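Taking it in order: structure first as structure tokens, then the write-up.
The values are calculated or read from the model by the stated rules, or taken from the named source; none is laboratory data. Everything numeric in this text was worked out from a predicted model, so none of it was measured. For neighbour counting, all protein chains shown are included, and Cβ atoms are generated from backbone atoms with ideal geometry for every residue, glycine included.
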Amino acid sequence: MIRCVTCGRRIAPRWLILGLPWSSYTCPDCGSVLGGTVLRFALTSVAVGALGIVVIGVIKGRMAPATLIPPLAFALAVFLLPLPRQIKRLA
């Protein structure tokens, strides 16, 4: 899980998944204001786009349901794993 860059507390998964690129997150422990970077926006856009294409293919019957597993795993990894330069301190 991604952690606060100041105190190390885990960032709420709800904000990591549902937070918009321009939204901010305030750490409840240290009060740091964190936000996503352009890199995070690009990676999450690609992950969600790829997942959407596969979901549409499965719904229309062009792909097997098992093909959902890799793009879903990729999307979850992008959203939740601490990849470098995804979160920055705003204040």
Output the qualifying pairs, or none if there are none: Cβ atoms under 8 angstrom, residues six or more apart or on different chains, first residue in segment 2-15 and touching a residue at least 12 places away in the same chain (Cβ under 8 Å), second residue of a type in the set (Gly, Ala, Ser). 4/32; 5/32; 6/32; 7/32
Pick out, from the chain, the helices (runs of 4 or more DSSP H) lying fully within it that include 1 or more residues that are modelled with pLDDT of 95 or more and surrounded by fewer than 11 Cβ atoms within 10 Å (Cβ to Cβ). 38-59, 69-80
Would a scan of segment 58-73 turn up a residue that is on the phi < 0 side of the Ramachandran plot, free of Cβ contacts under 8 Å to residues at least 12 places away in the same chain and of a type in the set (Ser, Thr, Tyr)? no
